[in-house]
1. Which one of Val158, Ala548, Val463 is farthest out on the positive end of the charge dipole of the chain, using unit charges on Cβ (Lys, Arg +1; Asp, Glu -1) and the Cα centre as origin?
2. Using a simple charge model, +1 on the beta-carbon of Lys and Arg, -1 on the beta-carbon of Asp and Glu, nothing else, what dipole does the chain show about its Cα centre, in debye to the nearest 20?
3. About the Cα centre, and with charges only on the beta carbon of Lys, Arg (+1) and Asp, Glu (-1), how big is the dipole of region 2-159? Nearest 20 debye, please.
4. If amide hydrogens are placed 1.01 Å from N in the peptide plane, which non-local residues have theirs closer than 5 Å to the one on Val264?
5. Would you order Phe74, Phe408, Phe31 from fewest to most other beta-carbon atoms within 10 Å of each residue's own beta-carbon?
6. To the nearest 20 debye, what charge dipole does region 420-577 have about its Cα centre, counting +1 at the Cβ of each Lys and Arg and -1 at the Cβ of each Asp and Glu?
7. Send over the Kirkwood Rh of region 2-159, from the inverse of the averaged 1/r over different Cα pairs, rounded to one decimal Å.
8. Can you put Lys493, Lys253, Lys37 in order of Cβ neighbours within 10 angstrom, beginning with the fewest?
Amino acid sequence: MTSDLGTDAADPAATPALLELRVLEGPNLYFPRAAIKLTLDVAPLSAVSAERARRLATSIGLGTARPGEPGTEFRQRFVARALATLVRSVAGDAGTKRLAVRVRTTRDPHVLVVAYPWKHRGRARALGEAVADVLDAVPEGSGRAELEEAVTAAAERVRHSEPGATPTTLTPRVPVVAVTGTNGKTTTSRMVAHIARTAGLHVGWSSTDGIYVDGRLVEAGDYSGPSGAGRVLEHDVVQLAVTETARGGILLKGIGLTRNDVSVVTNVTADHLGLHGIDTLDQLAEVKGVVPRITRRSGWAVLNGDDPRVLAMRHTVKSRTWVFSRDADSPAVRQVIDDGGRATTVLDGWVSVLSAGADPDPLVELVDVPMTLAGLSRYNVENTLAAASAALGVGLAREQVVEGLRTFLPDAEHNPGRMNTFSVGEVTVVIDLAHNEAGLEALVEIMRGVRRPGGRLLLGLGVVGDRTDELIETLGELAARDSDVLVIGHKEKYLRGRTREELEDLMLGGAAKVGVTDVSVYPTEVSALEALVARARPGDVVALMCHAEREEVYEWIAGAGGVADTAGTLRAKVLAARG
């Protein structure tokens, strides 16, 4: 077997039923603690006769099971039940009683996922391999005795295996704010970290960009998985940890901490579907919901009240609920306050906190929060509401939260790569990740909001390769529909198994759906931006979906005489756009 970041891929020749054995080191989709995830090929068990399936059932204590005929949904249900019972049976015979087991289906009806918690890595791995051995014996087994013998042998193997190491999950020594969601988690976590630093705390922050301590990058790389939280807590100076928690880290490794004090779920939108067994928005929401589920009872789960899938997570948490919503009269706000929770919303243009039996507490006017672009960006209004809720929920003082919101700017220093706006002569340039539909919609909203009357929208479109064909084509369609000039700028670093030609065809196909065929293509993000600015006229807005060459883009803008917009400049642009 080989190991890669906690993944142990089985040797197909030795254990054909075992497609993957993955060690999850912390809270995960299946359990709030370390677990083993087995991905099993159950095609042989699905195909055996009903009589042979009953023999297996009897050998593991399911004497009254009705396995159904091969290929039916009844058989699929039987296989799932039999797998859970088989794992418990082998574990029980090996000396582990009352083992929790969960079984999940996948897109492939012949592949199932089985998960169970573990205390010792070696023995837990041995259990997974032993269960696969029993499955391999099912097609050849000639009777109940042979199958019972296979189960007994599997249990002996587990019993005599080395226990191995214990989980590496950390119990935090300082308060933790954990932020997840499809869009806005980086901006929100940066805002929380900035507010805490404004309050005088030493803050550690883990993210897709790296590990930061007091705003200084100490280790570059994607640390949105379990290792990020651990790296932050290694620094003794840290008094508050802010962790950006991505879908991939939860699915592939588990969460690195036993709990958090405040959790934030920004939203759940279509992104990364079709990867690691997550094919629908409901499944994606279930993954994101792991973060609020491990929030301590005395803490707060900060949930987007305008997103039904996120709001529903309040029923799965043991902590208190704090919702944020742009609509002060939404049912979510009323329900949560009635249940003793809190809400952050907008009243008369003020970011305000609501709680039962008290007057609203107006914190700060939206026009004084630079990240909202004078209230223009509804997505950053939501991020502001979320960050304010989290900062208050973790115990920061009201005046400290207000000062942090007023001083966090949409620039390359405070929020690199997210809605950064520049002036290049009389042309506005917006740099943003915009990696999915919601992100692109937010980018277009900003472009329109700072465009002078009569100005045009010029957009540089680019995608990463690990998105579905449908999403890539949709991005091409939306970009063409909402811009006056469209070009494509490829992201060579993020092809992720695709070719440039393949991605290009999908984007062009989407643009063609709305009748746009005049689309120039450039090999890099920088060259796409350069071409757009050259075509821009005074009052136009140029935007680039920037992922691969952020620093190079900043350098090009500076070389072209561009300057970052201040809060005052942005406000003036918004007012000019409104006429």
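1. Of the candidates, Val158 comes out farthest on the positive side.
2. Taking the Cα centre of the chain as origin, the dipole is about 1980 debye.
3. The dipole magnitude comes to about 860 debye.
4. Ala178, Val179, Thr180, Val302
5. Details: Phe74 13, Phe408 24, Phe31 20.
Ordered from fewest to most neighbouring Cβ atoms within 10 Å, Phe74, Phe408, Phe31 come out as Phe74, Phe31, Phe408.
6. Dipole magnitude for region 420-577 comes out near 580 debye.
7. Details: mean 1/r = 0.0646 Å⁻¹.
Across region 2-159, the inverse of the average 1/r is 15.5 Å.
8. Lys493, Lys253, Lys37
Values quoted throughout were computed directly from the atomic coordinates according to the rules given, and no laboratory measurement underlies them. In this text the structure is predicted, and so the values were computed from the model without any measurement. Heads up, the Cβs are rebuilt from the backbone with ideal geometry, glycines too, and the neighbour counts pull from every protein chain shown.
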